[in-house]
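Data block below; observations after.
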Amino acid sequence: MVKNLKHACELLGIKYPIIQGGMGNISNAQLTSAVSEAGGLGTVGAGTMPPDEVEKIIIDIKGRSQKPFSLNIPISVTEYTDELIEMAIRHKVAAVSLSAGNPAPFIPVLQKNGIKAIVIAASVRHAVKAEEAGADLIVAEGFEAAGINSSLELTTFSLIPQIVDKVKIPVFAAGGIADGRGLAAALMLGASGVQMGTRFIAVKEAPFHEEYKQKVLNSDDLGTVILGRSFGRVRRVLKGEYAASLIAAEKKGMTAEEFLEKTSEPFHIKGALHGDFERGYVNGGQAAGLIQHIPSVKQLLEEMMDQSRNQIKQVYDQFQ
């Protein structure tokens with residue numbers, strides 16, 4: 001049974017049950033506002049950016065759109081969690097998604113100030129604890145997803161129904177989703193919607209390097225690799241020269257400190273914003289193999305909704 005589908009959209013103030021994944025230090029107002037304007041929930045990923053940089057993006061978004069958007073705060077990644085929470089309150093951000101750490105201390109503060117608390121979870125245990133702490137919505141993220149990932153390595157298809165069975169609040173599915181078929185599948189697993197990151201790389205409004213977009217389009221089912229498994233610092237990226245050099249160095253015994261330095265945000269920015277895959281990498285999920293064109297965000301969301309409806313209807317009709 002699909003859980004709280006209409007309620008989830010009303011909760012977030014959005015038309016379509018689609019959330020943009022946080023993109024860390026390459027977040028920007030142009031893409032975030034486009035997602036919100038098209039009917040989804042745009043997201044700013046704070047990453048490791050200092051609060052003043054994040055604030056500039058938030059102010060820019062508010063100048064482009066009056067629609068709701070969210071701020072993703074990766075608790076154990078940033079050193080500015082408290083400042084970012086205060087900033088979200090000050091700017092009346094509609095929702096805050098909390099990841100990579102314990103969200104419990106921050107949920108009451110957000111809700112007291114009228115901000116919806118979204119928690120990113122990678123296991124049933126994390127989702128249950130988030131609900132107990134008062135979260136409004138769970139984003140259940142499978143191992144197919146791009147970027148910093150859970151070392152638990154649970155996949156979306158198995159994770160979503162298990163979490164849906166254990167919590168009462170809405171659950172959005174993330175990881176491996178790039179079209180209406182993925183949305184339909186998530187709904188059939190009991191989710192109320194989806195969160196996507198990689199799919200929003202290859203859209204017209206995304207101000208990323210064209211080589212990054214083309215790398216997504218040229219990807220296939222084997223187009224991503226995992227970095228950092230030996231350090232418990234799992235990150236999924238698209239294949240490339242720099243990524244290959246990191247894999248080789250990891251096999252040869254590079255230290256965890258060296259790995260963290262060589263996967264720090266400047267190297268991500270080199271790939272994503274400068275298209276330099278010899279000296280930098282780009283995050284990418286397994287959904288990259290599904291992406292074949294570069295639409296506008298509005299076109300993408302409308303295509304997804306149409307495809308999802310048609311997919312569900314076709315299956316339903318076959319059961320009659």
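Give the long-range amide H neighbours of A38: residues separated by 5 or more places, or on another chain, with amide H under 5 Å away, using H modelled in the peptide plane at 1.01 Å from N.
none
Counting only helical runs of four or more DSSP H residues, what would the 222 nm mean residue ellipticity of the chain come to if each run contributes -39,500 (n - 2.57) and the total is spread over all its residues? Write out the running numbers ahead of the final one.
Numbers: 13 runs with 134 residues, N = 320.
-12500 deg cm²/dmol, from helical runs alone.
For segment 92-104, just list the computed ³J(HN,Hα) in residue order, Karplus coefficients 6.51, -1.76 and 1.60, θ = phi - 60°, integers in Hz, with x standing in for Gly and Pro.
6, 5, 5, 8, 10, 9, 10, 9, 6, x, 7, x, 3
Kindly list the residues of segment 182-226 that lie in the label zone of R64, defined by a backbone N under 20 Å from the point 7 Å along the Cα-to-C-beta vector.
195-214
Give, as a single signed number, the net charge of other residues whose beta carbon lies under 10 Å from the beta carbon of L290, with Lys and Arg counted +1 and Asp and Glu -1.
Taking every other residue near L290 into account, the sum is -1.
Between segment 143-186 and segment 88-111, what's the alpha-carbon centroid distance in Å?
Here the two parts' Cα centres lie 21 Å apart.
Most mobile of N283, N310, N149 per a Gaussian network model of the chain (Cα springs, under 10 Å)?
For the chain, modelled as a Gaussian network with Cα springs under 10 Å, the answer is N310.
Quick one: what are the phi-derived ³J(HN,Hα) couplings along segment 193-206, Karplus 6.51/-1.76/1.60 with θ = phi - 60°, whole Hz, x for glycine and proline?
In residue order, the calculated couplings are x, 9, 10, 10, x, 4, 4, 7, 6, 9, 10, 4, 7, 6 Hz.
Could you give me the ³J(HN,Hα) list for segment 230-238, computed from phi with Karplus coefficients 6.51, -1.76, 1.60 and θ = phi - 60°, whole Hz, x at Gly and Pro?
Values per residue, Gly and Pro as x: 5, 9, x, 10, 5, 9, 9, 10, 6 Hz.
What order, most packed first, do the peptides 183-194, 248-259 have when packing is the mean number of other Cβ atoms within 10 Å of each residue?
Details: 183-194: 23.9, 248-259: 12.5.
The peptides rank, most packed first, as 183-194, 248-259.
Can you list residues from other chains, or at least 5 along the same chain, whose modelled amide H is less than 5 Å from the amide H of I14?
Those lying under 5 Å, H to H, from I14: there are none.
In the chain, what % of DSSP beta bridges are antiparallel (nearest 5)? List each step's numbers first, then the result.
Numbers: 7 of 35 bridges.
About 20 percent, rounded to the nearest 5.
Which shape class applies to segment 266-311: rounded if a/c is under 1.5, otherwise prolate when a/b exceeds b/c and oblate if not, where a ≥ b ≥ c are the square roots of the Cα gyration tensor eigenvalues?
Numbers: a/c = 3.96, a/b = 2.65, b/c = 1.50.
In terms of gyration-tensor shape, prolate.
The numbers here are math on the coordinates, done by the rules we state, and not lab data. Bear in mind that the values here come from a model prediction, so they are computed numbers and not experimental data. Note: ideal-geometry Cβ built from the backbone for every residue, glycine included; neighbour counts use all protein chains shown.
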